[in-house]
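What follows is a set of notes on a single structure, which appears directly below.
The values are calculated or read from the model by the stated rules, or taken from the named source; none is laboratory data. This structure is a prediction, so every number in the text was calculated from the model and none was measured. With ideal geometry, Cβ positions are generated from the backbone for all residues, glycine too; neighbour counts draw on all protein chains shown.
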Amino acid sequence: MLKKPLSVLYKKKNILRPFDDATSIEFFSNKSDAALFMFGSHSKKRPHNLIIGRLFDYHILDMIELGVEKFKSLSSFQTAKCPFGTKPCLVFTGEDFELNSEHQRLKNLLLDFFSGPKTKQVRLSGLEHIWHFTAAEGKIFWRSYRILMKKSGSRIPRIELEEIGPSLDLVIRRTKLASDDLYKRSRKQPKQAKPKKVKNVSMDAFGTKLGRIHMTKQNLDSLQTRKMKGLKRKSDEGAEDEEKMSRQINKLEKTWTQD
């Protein structure tokens, strides 16, 4: 439901154990041309089990097994839902997402799973959906909210969050993380996909394009400015008076010759 229409659901109850044998997951990934997967299972040893993982070149890159301790479905929240295809805003809270290596990899995995298509611009008035992940007390609290903009009596609206589900309390059970070399190789971009660097053009922290232009040294003495009598020099005023007098003499000579 959360990944529609970008997901494929397999409902057959096949016996799969991704941590013991990943060939079935790799087969379904190759069949559906998918790089991300989520597998749910339930057993006496590991009840309410959820495995999130991703593949590189149709082979398992890393996966994390999570135990679901508390769950509320979408249907249990009797509220309006966000339309399908809405790009969510993902918020991560807790020191573990910055200090713990397993939580860091889980954060990166969730970003790949739910971030959606990349966008160059975001319209804040159109931000509707928030995924909030909180790491505390050895658990991960996963919540979903809808943003409501209500009247506040000013131009800035009053923001309220309405929980729309699903709601999960998770605990990390097992992990299978890729080595540093393989992880670095999976993140390598081909030369064709890298943006071409433009000379003397850069971007600041706010996304504004800055450019540097090289020019020759200007001669400010010959710069044409607006002429004002208060800024004229005495020598310039004397030369202007002589020029004005010569024009008047020439004008008088012309009238005398005509008479």
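Residues of the stretch 80-116 that are farther than 19 Å from Met38 by Cα, outside any helix (DSSP H, G or I), in contact with a His (Cβ under 6 Å, 6 or more places away or on another chain) and not hydrophobic (A, V, I, L, M, F, W, C): Thr86 alone. Scanning the stretch 176-212 for residues that are touching a residue at least 12 places away in the same chain (Cβ under 8 Å) and either in a strand (DSSP E or B) or of a type in the set (Val, Ile, Thr) (or both) gives a single hit, Lys176. When Lys70, Lys3 are checked against the criterion of being over 22 Å from the mean Cα position of the chain (by Cα) and either at pLDDT 90 or above or surrounded by fewer than 16 Cβ atoms within 10 Å (Cβ to Cβ) (or both), a single residue qualifies: Lys70. Take the stretch 183-229 and flag every residue that is under 30 Å from Phe141 (Cα atoms) and either surrounded by 10 or more Cβ atoms within 10 Å (Cβ to Cβ) or β-branched (Val, Ile, Thr) (or both). Within the stretch 183-229, Tyr183, Lys184, Ser186 qualify. Residues in the stretch 8-24 that are within 32 Å of the chain's Cα centre (by Cα) and not hydrophobic (A, V, I, L, M, F, W, C) were compared, and the one that is farthest from Ser41 (Cα to Cα) is Tyr10. Picking from residues in the stretch 80-112 that are small (Gly, Ala, Ser) and in contact with a strand residue (DSSP E or B) (Cβ under 8 Å, 6 or more places away or on another chain), the one that is farthest from Gly53 (Cα to Cα) is Ala80.
Yes/no matrix, rows are residues, columns are (1) of a type outside the set (Gly, Ala, Ser); (2) out of contact with any helix residue (DSSP H, G or I) (no Cβ under 8 Å at 6 or more places or on another chain); (3) loosely packed, with under 12 Cβ neighbours inside 10 Å:
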site: Ser76; (1), (2), (3): no, yes, yes
site: Pro83; (1), (2), (3): yes, yes, yes
site: Phe92; (1), (2), (3): yes, no, no
site: Glu95; (1), (2), (3): yes, yes, yes
site: Glu98; (1), (2), (3): yes, no, yes
site: His103; (1), (2), (3): yes, no, no
site: Gly116; (1), (2), (3): no, yes, no
site: Arg123; (1), (2), (3): yes, yes, yes
site: Thr134; (1), (2), (3): yes, yes, no
